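Input: a single structure, listed below in structure tokens.
Rule-based calculations on the coordinates, nothing more; no lab input. This structure is a prediction, so every number in the text was calculated from the model and none was measured. Methodologically, a virtual Cβ is constructed for each residue, glycine included, from the backbone with ideal geometry; neighbour enumeration extends over all protein chains shown.
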Amino acid sequence: MDGIPIGRKIDLSAHSSYETLAQTLEDMFDESTTNVTCKGSNGEDHNMTIRRERHSILLDGSSKFVLTYEDKEGDWMLVGDVPWG
């Protein structure tokens, strides 16, 4: 998000495609997830995150944001212009 200072990092090696990366980014900034605490049978609290299943709006062009990265030569590239590997 250009112009907004953030202190979050993503381990790219934990992802196998642009789709999983985009979904992780959407989950980081999307407030539509719900966190709930449930009581277990032994009385312990269990935290759960509930997400709706969806496709990535960052990759389908319906988002107001675009994923970019800076390549080794310092050029800004659109995510998906080259294969993930």
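At-a-glance table
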{"quantity": "Rounded to whole Hz, the Karplus (6.51, -1.76, 1.60) HN-Hα couplings of the stretch 68-77, x for glycine and proline", "calculated": "9, 8, 9, 7, 4, 8, x, 8, 8, 10"}
{"quantity": "For peptides 71-84, 16-29, sequence by mean Cβ density within 10 Å, most packed first", "calculated": "16-29, 71-84"}
